[in-house]
Amino acid sequence: MTDAEDTRPTPRRRRVEWVIGGLLVVVLAVEIVLIWPDLSESVQNLGDLQWGWVAAAVVASLASMSCFARVQRCLLGVADVHIRQRQSLAVTFASNSMSVTLPGGPVLATTFRYRQTRLWGASPVVATWQLVMAGALQAIGLALVGLAGALLVGAETNPFSLIFTFGGLCAFLVVAQYAASRPDALEGVGITALRGFNALRKKPPLTGVRRWKHIVNQMSAVRMDRRDTARAFGWSLFNWIADAACLAFACYAVGAHPGFAGLAVAYAAGNAARSAIPLLPAGLGVMDAVLVPALTASGMTGAEAVSAIVVYRLVSFLLMATIGWIVFAARFRGAQQQGEEGPDPAPLWRRRK
């Protein structure tokens, strides 16, 4: 059987693609219906938009996507999986569209990113490690933005819980970086932990040791020093800053001028609420319910807050999702991309047999 025959879509696959496409259209239509009340209420405030600030919001949102793509490149690069920025950016746009438009999208987006990472040549352990580290860096960056805003605004509530959260995430990052730079030490610690765990389960002491050594052997491909960690974290932080700038520019576009500290707190709180309920596309309703009062508290009127959120959603949600689905249709739908997109995955599967 030739490669062309292997990648040729079957009738069943075509039916599945049409079903998925139909479901996507239905989901997008429902989402438009859900946000239409907010759109209609704020139409009068959108009539006097300052389009220069809208353009700035678009640029900031594109910069945010580019920064996240660079985080992915940094994390894969330390494992000797080298990809071009445009490859990483294409996956970032496509996975973002899945995450923000489909119910349960974050799970689908993570699966898609994992699959593409494997096609680029990453081992299962490295692919999983990259996803976990990217998520940890994102959480630390968001916590830092929220902490900075809370301290600048002179938070009346006790900020120690946020400080402890930020400290815990930083501690995890330090441990993960140390493990990535010293896999030999990680092997010894893991074997000791396995022996204790096996003793509790009353199983032979060496149960699971061979599998653990195999995992550590794959992790040995990762050599992440402090410079690599700082670079990856820097791009991750810039990702949040650029997206927060998109929200700020949306506020300026409707003629509002919120305080920097209040805007940072509102942005961090809104994204935290969005992450708490990942099944809703882009945190629809939940994030907005947090942003409106938070922006109002930062000095904006209620009408200005709703209008700014509509502009922010149109740019960071609708426009970026549209670009992402176009990228997905052009680059990832149908036959698997080979050559410039990564190595032929067939040897990977044969190696596992």
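Here are a few things to note about the model shown:
- Just so you know, the Cα atoms of region 73-139 work out to an Rg and Dmax of 11.4, 34 Å.
- Eigen-decomposition of the gyration tensor built on the alpha-carbon atoms of region 234-277 gives equivalent ellipsoid semi-axes of 19, 14, 9 angstrom, largest listed first.
Since every read-out is calculated from the coordinates, none of them should be taken as a lab result. What you see is a predicted model; the values in this text were computed from it and never measured.
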